[in-house]
1. Considering the range 89-121 alone, what residues qualify as being in contact (Cβ under 8 Å) with a residue 12 or more places away in the chain and of a type in the set (D, E)?
2. Among the residues of the range 78-87, how many are surrounded by 10 or more Cβ atoms within 10 Å (Cβ to Cβ) and modelled with pLDDT under 85?
Amino acid sequence: MSGETKGPASLYTAEIAHEICERLASGETLRSICRDEGMPHESTVRKWAREDREGFSTQYARARDAGLDAIADELLAIADDATNDWMERLGDEGQPLGWQVNGEHVQRSRLRIDTRKWYLSKLAPKRYGEKTEHKITGPDGGPPKLEFVVFDHTSNPDSAEVPTPDEEGKV
């Protein structure tokens, strides 16, 4: 025997790290990359990032970030691809009857888009999340009216009465 073992690589090399980062940046998943022969297990790659082997942590983070943009680009490609959206209907004897929507394919494309949108919104909510705006306004859209009430319980701490302010707002 030559002493070589079969199975995934576990030793860090700059070449393997570079290939992993290139593929992550193109939108490929770490799971998919690590299934290939000669690639380390997912947990090994994550360990390299956690331990920052030879600066791998920064490369890995940048590749993951670029991969999000690749996934965002893929959304448009999926939406624009009408391949298999229509299928030809055939009669009992094989004669063409016309075309009909391939609902299964259309639904699958919708699922692929929705899953990627959800994934992006969770990993990068500032870039890909829903934009919501919360506004606090007062009457007729003006500024909110703030009122402060000061309770003085030193004179009668058992009092349940809430003092009423006068016209100037003083209690």
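The values are calculated or read from the model by the stated rules, or taken from the named source; none is laboratory data. Note that this is a predicted model, so its numbers are computed, not measured. Backbone-built Cβ (ideal geometry, glycine too); neighbour counts: all protein chains shown.
1. Across the range 89-121, there are no qualifying residues.
2. Adding up the residues that qualify gives 5.
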